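Data first, discussion second: the structure below is written as structure tokens.
Readers should treat all values here as calculations from the given coordinates under stated rules, not as data from a laboratory. Note that the coordinates shown come from a computational prediction; the quantities given were computed from them, not determined experimentally. Quick reminder, even Gly has a Cβ in these numbers, built from the backbone with ideal geometry, and neighbours come from all protein chains shown.
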Amino acid sequence: MQEDSVAAIKGHPLYAELVAKRKRFAWILTILMLAIYYGFILVIAFEPQWLAQPIAEGAVTTIGIPIGVAIIVSAFILTGIYVYRANGEFDRMTRTIREDLL
Amino acid sequence: MRRIGPWGLLALLLIPVALAAAPALTGAVEKQPVNTSAVAMFLVFVAGTLGITYWASRRTRTARDFYTAGGGITGFQNGLAIAGDYMSAASFLGISGLVFASGYDGLIYSIGFLVGWPIIMFLIAEQIRNLGKFTFADVASYRFGQTPIRTMAATSSLVVVAFYLIAQMVGAGKLIELLFGLDYWIAVVAVGVLMMVYVIFGGMTATTWVQITKAVLLLAGATFMAGAALMHFGFSPEEMFKQAVAHHGSGESIMGPGTLVKDPINAISLGLALMFGTAGLPHILMRFFTVPNAKEARKSVFYATGFIGYFYVLTFIIGFAAIALLTQHPEWFKGGALVDGVVADPKGLVGGTNMVAIKLAEAVGGSIFLGFISAVAFATILAVVAGLTLAGASAISHDLYASVIARGRGNEATEIRISRIATFVLGLVAIALGIAFESQNVAFMVGLAFAVAASANFPVLAASIFWGKMTTRGALFGGFAGLLSAVALTVLSKAVWGDVLGNLGADGKPVGLVPLDNPAIVSIPVAFFCIWLFSVLDRSERAKNERAAYEAQKVRCETGIGADGAVAH
């Protein structure tokens, strides 16, 4: 890429906003995912019997089952949230920068 | 079958990671009677994939076609292909077997495998897409000295591919004895020859569509199996769990966490290798270049996460349903394994716990469905090795030949020819090593492949994207430090030092010199430390220019501007 176009993009008011917004958003989602996963692992390491308690009086199904499935679903939902915003808002900002400069 | 101790269990845990080498697939297996319907259905799959390869070969002309299917794969298709790379024989057979043997722990394991995906997506997927062209070394070497960085990246890629391939080939050989009742060498030669044909003639287009075909067949088969199994319990999970508990020797304890996370340090180390290794596997990273832009790259991660998560839920149902349903067939258990309709010893299932899904297929769908599932299980290995070989061949032709040896002066036709020759040679080497390692313990190899990917490829990739002060020297030393420490610590671990090299402790059991099963918890920090140290000490003129070039790289990384030029039609 040419140096002047790098400078032009960097000078565009939307660029700094795009970079800052995306960074913040990506890290929030990352921390959320890590917190969910390592929270689960810590429970397994220190309070495994908590996950092994029945979901209701007399049931065989334990609360660990829906929690485990919920973690799988949460991974899918978090990626979905990211794609929705990145393919919408962030891509629109990128397109505006591009159109303003080309 | 191996005896299950904590080490055996840990080895078992490494397997699905391995995507192909479950313990039963690495230890001795008993050859089964020839399964004609499985062989017939597998031949139908082969005929179909050869048709795909013929079609793909007519669309494979340029280097871009060969390495990235011309960038013409959609996000949805790529998501299926990535999911296909995950849904291997071992994750299908291994995880359902793990659930059958120890219940809830199988779910814990598969969750660990899945959560790496969102992180990759949030932090590096689109950056990789925006900076690279054909291989991950394009990204790692973007603003650095091409010769040293590409040499380093190609070396670690080839190490990853080599160990992964050996584990897959050995897994294929063991699997064919179990599923088809054919000889070991037939599988190794068949897999080697077919993958050469796919890659040499069809490049990434054929490799991707073979993977997609298999992913669809496997998802359909597993969905049918889980559905048919649940039908036996009136579609009530509670009823399924109830009967599973009643038929399992461990009773209610299979409904909660068991022995999986006994040793937190090893568990964390394995988790790190899984999460960051995924972000450093050359054949997975290549898939981000097969889509036309960052938008489709993001979509592909979204679909992949969905398919992989769905697949793991299915394997969980299959494993639990099998506990209750397989006990209706006492003839499938060895003497003493089944006591009064209760599974006393899960490993006493004929063929081992890797046969759980296969046996359940027979229980719910008869011999035709058994043949279908067996054929699909074998096809998964084929599809994965094709992708691995293509990644290895690209490291040789695109990174070593075009950028290091020809220094960018070679022409495209030569580069493609070299990648085809490299594919052929890699295929022969894989066949030879597959046969040579038949009776070796290869369980450590997949763990090693992930550890190298996490310790050499990932740190260099991450630092080149996020840390503007990295220099060529830092990347080179950091990458090699990660590679060497990962390999050295693996050699000194129990899996190699004790199990493979035969060093015994005072009690006569195999021992390792280091207590870690997976080196990632040490080797990843070592790599990052060396990247930092050798970068800040680097006061050369070149280092100054490289730091200055970061701004331009970051702008392209963030906006993709400049990237489309490289990929536009």
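Values computed for the structure shown
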quantity	calculated
Volume in Å³ per residue [convex hull over Cα atoms, computed for region B:6-439]	127 Å³
Cα long-axis angle, helix B:89-102 against chain B (0 to 90 degrees, to the nearest 10)	50 degrees
Debye, to nearest 20: dipole size of region B:6-439, +1 on Lys, Arg Cβ, -1 on Asp, Glu Cβ	1560 debye
Whole-number D in µm² s⁻¹ for chain A, Kirkwood Cα-pair radius fed into Stokes-Einstein, 25 °C, 0.890 mPa s	145 µm²/s
0 to 90° range, to nearest 10: angle between helix B:146-179 axis and chain B longest Cα axis	20 degrees
Estimated vicinal HN-Hα couplings, Hz - region B:509-518 in sequence order (Karplus 6.51, -1.76, 1.60; Gly, Pro = x)	9, x, 10, x, 7, 10, x, 8, 7, 10
Top of A:Glu89, A:Glu57, A:Glu17 by mean-square fluctuation, Gaussian network on chain A, Cα under 10 Å	A:Glu57
Charged-residue dipole, Cβ positions (Lys, Arg, Asp, Glu), the protein assembly as shown about Cα centre, Debye nearest 20	1740 debye
Furthest towards positive pole of dipole, B:Ile435, B:Tyr401, B:Thr353, structure part the protein assembly as shown, Cβ charges	B:Tyr401
Set A:Lys21/B:Lys554; B:Lys214/B:Lys295; B:Lys334/B:Lys494; B:Lys133/B:Lys295 screened for pairs whose C-alpha atoms are more than 23 Å apart	B:Lys214/B:Lys295; B:Lys334/B:Lys494
Residue-wise HN-Hα coupling along region B:493-503, computed from phi with Karplus coefficients 6.51, -1.76, 1.60 (Hz; x: Gly, Pro)	6, 4, 4, 9, 4, x, 5, 8, 7, x, 7
Fewest-first ranking of B:Ser141, B:Ser540, using other Cβ atoms within 10 Å as the exposure measure	B:Ser540, B:Ser141
Table column - 3J(HN,Hα) (Hz), region B:484-490, Karplus curve with 6.51, -1.76, 1.60, x for Gly and Pro	5, 5, 5, 5, 4, 5, 5
Computed FRET value (nearest 0.05) for B:Leu537 with B:Ala432, which takes r as the C-beta separation and R₀ as 45 Å	0.55
Centroid-to-centroid separation of region B:361-392 and region B:91-113 [C-alpha atoms, Å]	18 Å
Amide proton proximity set for B:His248, modelled H, under 5 Å, gap of 5+	B:Val343
Span-rule helices in chain A, defined as complete DSSP H runs reaching 27 Å or more along the axis (Cα) with Kyte mean at least -0.5	A:13-46, A:64-85
Between helix B:105-114 and chain B: long-axis angle, C-alpha atoms, 0 to 90°, nearest 10	20 degrees
